[in-house]
Structure formats: structure tokens, C-alpha cells
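In what follows, a single structure is set out as C-alpha cells and then discussed.
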Amino acid sequence: MPIEVDEARRLDEIAAATLHVARERGVRSVTIRAVAARLGGSTAMVTNYVASRSALMINAMRWAEREWGAQMDGALVGLTGEARLEAALKWMCTTEPDDEILRRLLMEIASEGPDAGPAVEDVRRTTSRRNRDELSALAAEAGLPDPSLAGDVLHLLTRGYWLTTLEDPEGWPEERAARTLLAVAALLRGASPAD
């Protein structure tokens with residue numbers, strides 16, 4: 001009789017093992033074989049749930065997005081208007097231990113070629129659009145004159161910040177990035193950055 005495995009739980013275990021491999025050996029070392037070894041099983045233990053290296057990275061990113069969503073929701077509890085937008089922007093500048101790994105996974109997914117397949121393309125598109133849409137909604141709630149433009153600008157800045165933290169982490173501490181984003185939000189609101 002086959003052993004029943006909770007698929008969602010197994011995918012979470014695979015995501016955790018993927019992040020562990022990336023943390024220990026670097027993103028380029030993430031392979032089905034390495035993740036299976038981390039889980040203590042055969043490659044079938046992984047390929048029954050994710051069929052490729054790209055799928056491993058996508059699974060880890062989807063897990064991270066759920067975690068990030070819950071964390072951001074927690075950071076925004078009880079806040080409204082401008083305070084909510086400012087708290088979200090500050091939160092987007094925080095760097096937890098695994099954020100660097102996840103940003104590298106995101107860049108790896110983003111850099112896959114045109115033959116990467118529909119799942120990779122879907123993750124690239126939906127992750128980016130979700131972030132932009134969330135920022136546009138927060139900008140509207142904060143009363144910015146053009147929430148769509150504000151969402152676009154803030155999205156591009158946060159994505160650029162994430163890449164910059166990989167290129168020059170010491171040069172861009174989260175306080176500097178948050179100060180910059182808040183100044184841009186003030187400009188988009190029509191106020192002076194010092195207001």
C-alpha cells in the first residue's frame with residue numbers, strides 16, 4: 001500500500017530544502033539531486049512534485065511569497081492611508097536572512113531564457129504584477145493623485161533595490177532604501193520629501 005503524502009506539506013518541505021541548498025552552496029547549486037539529498041531521499045521524492053530545476057525555484061518563490069504576504073499583512077495591521085503605504089515601503093526594504101537567497105532565486109527565474117516554459121513566464125509576470133498592483137492599491141488608499149503611476153514608480157524602485165542589495169549590500173542598508181522610497185512617495189503625493 002503506497003504511503004499517503006500531503007502534497008502541500010511536501011511542496012513546503014521541498015521549498016525549505018531548496019532554500020537550504022541555496023543558502024549553503026549558492027543558488028547555482030540548486031538541483032533536483034541536491035534538494036533530494038537534503039531531504040534524505042531519492043530524486044523521485046522531488047520529481048513527483050516538481051519536474052525541473054525551474055520548478056524547484058518557482059516552488060521556493062511561491063512559498064516565500066506566501067510568507068512575505070503574511071509578514072506584510074502583519075506589518076500593516078491597524079494602519080490606514082499614508083501610514084499604511086509608508087509601513088509597506090519600509091517593510092519592503094527589510095532584509096531578513098533568507099531574503100538575499102530569495103532575491104537571487106528571483107533573479108535566476110527572471111533571467112531564464114524565452115524557452116523556460118509557461119510556468120516560469122507565469123511566475124515572472126504574476127509576481128511582478130502582484131507587487132505593482134499592491135503598491136497601486138496602497139497609493140490609492142494613501143490618497144496619492146495618480147495611484148497607478150505611483151504603483152509603477154514604487155514597484156520599479158523596490159525591484160531595483162532588491163537587485164542593488166545583491167550588487168552592493170553594504171552600500172544600501174534598509175534605512176537608506178526606506179528613506180529614499182519614502183521621499184519618492186512624498187514627491188508622488190505632491191509634498192516635499194522633508195514633509
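The values are calculated or read from the model by the stated rules, or taken from the named source; none is laboratory data. Every value quoted in this text rests on a predicted model; they were computed, and no experiment measured them. Virtual Cβ from ideal backbone geometry, glycine too; neighbours counted across all protein chains shown. Protein only, heavy atoms only, side chains kept; ligands, DNA and RNA dropped before computing areas. Shrake-Rupley method; radii C 1.70, N 1.55, O 1.52, S 1.80 Å.
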inquiry  = Treating only the Cβ of Lys, Arg, Asp and Glu as charged (+1, +1, -1, -1), what charge dipole size does segment 1-53 show about its Cα centre? Round to the nearest 20 debye.
reply    = 400 debye
remark   = With every protein chain kept in place and a 1.4 Å probe, the chain has an accessible area per residue in Å² of 54 Å²
query = Using the Cα gyration tensor of segment 15-81, with a ≥ b ≥ c the square roots of its eigenvalues, what is the shape: rounded (a/c below 1.5), prolate (a/b larger than b/c) or oblate (neither)?
reply = prolate
note = Read-out percent of Cα pairs over 24 Å apart, candidates [x] 40; [y] 46; [z] 49; calculated match is [y]
ask   = Counting pairs of alpha carbon atoms under 8 Å apart in space and at least six apart in sequence, what relative contact order in percent does the chain give?
value = 19 percent
note = Taking a ≥ b ≥ c as the square roots of the Cα gyration tensor eigenvalues, with a/c under 1.5 meaning rounded and otherwise prolate when a/b beats b/c or oblate if not, segment 37-130 comes out prolate
message = Counting only protein heavy atoms and a 1.4 Å probe, tell me what percentage of the chain's accessible area is made up of carbon and sulfur.
response = 53 percent
task = Within the set of other residues whose C-beta is less than 11 Å from the C-beta of E112, count the net charge using Lys and Arg as +1 and Asp and Glu as -1.
result = -1
query = Dipole magnitude of segment 20-130 about its Cα centre, charges +1 at Lys/Arg Cβ and -1 at Asp/Glu Cβ only, in debye to the nearest 20?
reply = 280 debye
remark   = Once the dipole of the chain is set up from charges on Cβ (+1 Lys and Arg, -1 Asp and Glu), the residue from the list A70, T80, A185 lying farthest towards its positive end is A70
Cβ-derived FRET efficiency at R0 30 Å, D115 paired with E7, nearest 0.05 = 0.60
request  = Starting from segment 123-195, pick out the GluC sites (Glu not before Pro) whose DSSP state is loop and whose Cβ has at most 13 other Cβ atoms within 10 Å.
outcome  = E170
ask   = Calculated FRET efficiency, T47 and A83, Cβ-Cβ r, R0 41 Å, to nearest 0.05?
value = 0.30
task = For A37 paired with R129, estimate the spin-label separation in nm (one decimal), with each label point 7 Å from Cα along the Cα-to-Cβ line.
result = 3.9 nm
